[in-house]
Structure formats: structure tokens, C-alpha cells
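Scroll down for the structure; my scribbles are underneath it.
The values are calculated or read from the model by the stated rules, or taken from the named source; none is laboratory data. Please read these numbers as outputs of a predicted model, since none were measured by experiment. For neighbour counting, all protein chains shown are included, and Cβ atoms are generated from backbone atoms with ideal geometry for every residue, glycine included.
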Amino acid sequence: MSRNAISAFLVTLNEADHIAAVIESLRCFDEVVVVDSGSTDGTADIARGLGAQVHHREWLGYAQQKALAAELCSNDWLLNVDGDEVVTGLLAGELLALAQRDDIAAVKIPVNDFILGAPLHGLSRKRKIVRMFRRGMAKYPINRTVHENLVVEGSIAVASSELHHFGYDDPNVFFSKQIKYAQLRAADKLQNGTRGSLIRLLFIAPLTFGKVFVLRGLFFSGYRGLIVAAAESWYAFLKEVNLIRARSSSEPHE
């Protein structure tokens with residue numbers, strides 16, 4: 001185990017369209033670990049052919065699957081990317097430099113979504129997610145099935161370079177994923193005792209749209225920003241619908 005070397009890891013399922021570019025973008029790191037949950041499109045073979053360590057594990061949920069992949073890594077610094085995300089050269093160099101620091105526990109990285117073949121505008125505020133962390137100083141919340149943001153103990157640096165995400169390039173895929181994520185997030189909230197609200201159902205979509213399109217500056221990205229704002233509003237609305245549906249089904253009926 002090296003204290004300053006970086007192990008990159010990813011969990012995959014049918015990512016053959018992007019996996020080669022993803023693995024190639026990680027070549028500057030010490031090792032690449034892939035945990036595949038049963039791809040049928042050759043994802044695992046492509047990754048293995050490009051030098052990644054490939055393991056198979058049936059799907060455990062986002063948090064548990066990523067936690068397993070992290071445990072399989074050899075180094076102290078761990079970098080998580082998805083099977084449709086490419087680390088740019090600028091970001092790779094920045095992460096290698098940050099890994100030399102002893103005063104930080106993790107690194108938050110801006111994610112630029114490609115929509116219809118192009119990234120979001122430079123003035124549009126990007127999602128920033130903790131993706132690199134030091135072993136033992138961050139953990140995945142295994143009680144969450146989606147949006148498994150790391151819980152970090154220590155200071156967090158923010159990278160200036162971007163991670164390029166191609167998984168939303170097709171709006172049909174983008175919107176279909178929001179349906180899945182909304183169902184999973186609603187299930188998590190139900191377990192924590194959250195109930196659906198008709199008031200939230202009425203206002204959540206327009207409020208989310210305004211927050212994303214206006215306050216985050218997605219309007220700079222034109223129709224691409226409009227697609228992202230609409231998809232995030234759709235997710236928020238569907239999450240509330242699922243909570244209300246669960247509440248209705250649990251209430252006694254005469």
C-alpha cells in the first residue's frame with residue numbers, strides 16, 4: 001500500500017459504450033479496479049483487456065457495491081468514477097498533486113454533464129461531488145440505496161478541473177434514470193420516516209426548475225441546460241409522487 005499513490009475504482013453494468021475511454025483516462029493512476037455486476041455487453045472483457053483488475057459481484061446497491069470496490073483497492077488514496085465518466089488530463093494532473101498533501105481527507109470534483117454531444121457552458125454551475133478520498137477518512141452511507149455521497153472525516157479540497165460525464169448525453173436515458181433514482185430515493189426516505197406531502201408535490205417541480213435553471217446558471221447552457229433542469233424537476237416531482245403513493249397505500253380504506 002502506498003500513502004500517496006491513487007487507486008481508481010468503478011462499479012459497472014453494461015458500460016461497453018464508454019468503458020474503454022474511461023479506463024484509458026485512468027492510466028496515470030497506480031491501479032484500476034472494476035467491480036462488475038453481470039454485464040452482458042462485454043464491459044468486463046474490455047476493461048480486463050485494458051489492464052484493469054476486474055471482479056464480479058451481484059448488485060448490492062450503489063453504496064455497498066462502491067464500498068466493496070474500495071476495499072479491493074491497494075492504495076491509500078481512492079478515486080471513484082462511474083463507467084461513463086472520463087477523467088480529463090488536467091483533472092488527472094491535479095488529483096496526482098493533491099494526493100501528495102497530508103492536510104486533506106478528500107477531494108470534491110466538479111462534474112460536467114455532456115448533453116446531446118456537448119458539455120454544459122462554463123458559466124453553468126456544475127455538481128461538485130467527493131470522488132477522491134483517503135482510506136479510513138471517508139465511508140459510504142450503506143443505509144442509502146442512491147445518491148450515496150461519501151461521509152468524510154477531515155478537510156475537503158475542491159478541484160478546479162472537471163470530470164466529464166457522458167451518461168446523460170441521450171435525454172431519453174437521462175429521464176429514464178430519474179425515474180429509477182426517484183423510486184430508490186423515496187424508498188430511503190420512507191425508511192427514515194419521511195411522508196409524502198401534497199404541498200411539496202404542488203411546488204417541488206417549479207422550485208427545483210428555478211433553482212437549477214436560474215440560480216445554478218443552467219440558462220447559459222441553452223437548451224442543454226433546459227434539459228437538465230427539466231430532468232431534475234422530474235426527479236423531484238416523481239420522488240414526492242412515490243412518497244404520497246406509499247402513504248396512500250398504507251392508510252386504511254373503508
(request) Keeping to the stretch 92-121, report how many residues are among the aliphatic types (A, V, I, L, M), within 22 Å of residue 137 (Cα to Cα) and either touching a residue at least 60 places away in the same chain (Cβ under 8 Å) or not assigned by TED's automatic domain parsing to the domain that holds residue 132 (or both). (result) 5
(request) Please give the number of the condition residue 190 fails out of (1) more than 25 Å from residue 221 (Cβ to Cβ); (2) part of a loop (DSSP other than H, G, I, E, B); (3) in contact (Cβ under 8 Å) with a residue 12 or more places away in the chain. (result) (2)
(message) Being surrounded by fewer than 16 Cβ atoms within 10 Å (Cβ to Cβ), within 19 Å of the chain's Cα centre (by Cα), not in a helix (DSSP H, G or I) and not aromatic (Phe, Trp, Tyr) narrows it down to one residue among 125, 101; which is it?
(response) 125
(request) Only residues that are of a type in the set (Gly, Ala, Ser) and either outside the structural domain of residue 116 (by TED's automatic domain parsing) or in contact with a strand residue (DSSP E or B) (Cβ under 9 Å, 6 or more places away or on another chain) (or both): list them for the stretch 130-176, please. (result) 138, 154, 155, 157, 159, 160, 161, 167, 176
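What strands (runs of 3 or more DSSP E), lying completely within the stretch 1-65, carry at least 2 residues that are hydrophobic (A, V, I, L, M, F, W, C) and free of Cβ contacts under 8 Å to residues at least 40 places away in the same chain? Explain how you work it out, then say what you get.
On the way: elements: 6-12, 31-36, 53-56.
So the answer is 31-36.
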